[in-house]
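To keep things clear, I will list the structure first and then write my remarks on it.
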Amino acid sequence: MKTLLNVKNIKAKVGDKQILNGLNLEIKKGEVHVIMGPNGAGKSTLANVIFNNPIYKKTSGKVIFDGKDITDAKVDEVAKSGIFMSFQSPEEISGVSVFNFVKTAKGKIENKNVNYFDFKEEIEKNAKALKMKSEMTSRDLNVGFSGGEKKKNEILQMLMLKPKLAILDETDSGLDVDAIKTVSKGIEMFKTSENAVLIITHSTKILQALKVDFVHILVDGKIVFTGDGSLAKEIEENGYEKFKAGAKNA
């Protein structure tokens, strides 16, 4: 399988605070990876560094995506290259409907006009699969949405934009069991042998309905251990103490 994302020895900081300390990660097409770790380990920082959020400054290392160096690319260039990122707290935008927001984003990413009727049919089909209310796509983006509705809306965007890599940052945060199952279904709908998913989470609930290839434990800005899906269950039962100790002794 072809390597899609290669994060090489990345160090990054916010302001004067060093958060990532030589992190390495390789994701191949067709794979689902999970990043777990204690609070403050750098999980969300990793997502933002890949997406090149300017608040997070890389001090060394490289990010290679689909064979191209995107280490210093602008956020919109990263998106156009085929990376999608869901956020812990999705923004609300008044005056712009979900439908128009996603249609405009799709047109910019694909650099072509989007057929209205084809798009309408597809977004309605995907919204129904995610158990979203029929009027949801005509409402202002995330305005008045519940936490679960915001997260489903981001999964809807992922399905419509069809990125090569989807980074889901705490997508399961605050969701009830039924909503988590729906989000998991959306991820399964998205997955193909030609794309990949990176899930960043502190919970194991979203992983129970997904086939996961690799679980990485992030401690103090580094991946200190990698295992298969069973590692998530171990974390749920025993926590991170063993991995914290191992990181200190490394």
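Points worth noting:
- Paramagnetic label reach from THR104 (point 7 Å along Cα→Cβ; backbone nitrogen cut-off under 13 Å): within the range 65-87, no residues.
- The range 1-106: C-alpha pair distances exceeding 22 Å, %: 36
- Fraction of accessible area attributable to carbon and sulfur, the chain (%, probe 1.4 Å): 48
- GNM top mover of GLY67, GLY15, GLY239 - the chain, alpha-carbon springs below 10 Å: GLY15
- Accessible area (Å², per residue) of the chain, counting only protein heavy atoms and a probe of 1.4 Å: 50
- Efficiency of FRET from Cβ geometry, SER193 and SER81, R₀ 22 Å, rounded to 0.05: 0.70
- In degrees, nearest ten, helix 177-190 long axis to first principal axis of the chain (Cα): 80
- Shown in residue order for the range 228-237 are the 3J(HN,Hα) couplings computed by the Karplus curve 6.51 cos²θ - 1.76 cosθ + 1.60 at θ = phi - 60°: 8, x, 5, 5, 4, 5, 4, 5, 4, 7 Hz (x for Gly and Pro).
- For the range 112-250, the relative contact order comes to 18 percent (Cα pairs under 8 Å, sequence separation of at least 6).
- Proximal lysines to LYS57, defined as alpha-carbon separation beneath 23 angstrom and excluding residues fewer than eight positions away on the same chain: LYS8, LYS11, LYS13, LYS17, LYS43, LYS68, LYS74, LYS80, LYS222
- Projecting the alpha carbon convex hull of the chain along each direction and taking the average yields 13.4 nm².
- Nearest-20 debye value, the range 146-234 charge dipole, Cβ charges on Lys, Arg, Asp, Glu: 220
- Per-residue HN-Hα couplings for the range 201-216 [Karplus 6.51, -1.76, 1.60; θ = phi - 60°; Hz; x = Gly/Pro]: 8, 10, 10, 9, 4, 5, 7, 5, 9, 10, 8, 10, 8, 9, 10, 10
- When shorter helices are ignored and each DSSP H run of at least 4 residues is given -39500 (n - 2.57), the per-residue value for the chain at 222 nm works out to -11000 deg cm²/dmol.
- On full extension, the segment bounded by SER138 and ASN39 gains 32.0 nm, given 0.36 nm per residue less the C-alpha separation.
- Taking θ as phi - 60° and the Karplus parameters 6.51, -1.76 and 1.60, the scalar couplings of the range 39-52 work out to 4, x, 6, x, 4, 5, 4, 4, 4, 5, 5, 4, 7, 6 Hz in sequence order, x denoting glycine and proline.
- Relative to the Cα centre, the charge distribution of the chain, modelled as +1 at Lys and Arg Cβ and -1 at Asp and Glu Cβ, gives a dipole magnitude of about 480 debye.
- Pairwise label distance in nanometres, LYS2 with GLU26, each label 7 Å out on the Cα-Cβ vector: 1.6
- For the range 128-250, the alpha-carbon coordinates run over 54, 31, 23 Å along the three principal axes, in decreasing order.
- Extension gain for ALA209 to LYS62 (0.36 nm times residue separation, less C-alpha to C-alpha distance): 49.6 nm.
- Under 16 Å of direct C-alpha separation, and excluding same-chain neighbours fewer than eight residues apart, LYS211 reaches these lysines: LYS28, LYS29, LYS181, LYS185, LYS191, LYS233.
- Distant-in-sequence amide contacts of ILE167, defined by a placed amide H-H separation under 5 Å and a gap of 5 or more residues or a different chain, comprise PHE84, MET85, SER86, LEU198.
The values are calculated or read from the model by the stated rules, or taken from the named source; none is laboratory data. None of these values were measured; they are calculated from a predicted model. Positions of Cβ are generated from backbone atoms using ideal geometry, with glycine treated the same way; all protein chains shown enter the neighbour counts. Only protein heavy atoms, including side chains, enter the accessible area calculation; ligands, DNA and RNA are left aside. Shrake-Rupley method; radii C 1.70, N 1.55, O 1.52, S 1.80 Å.
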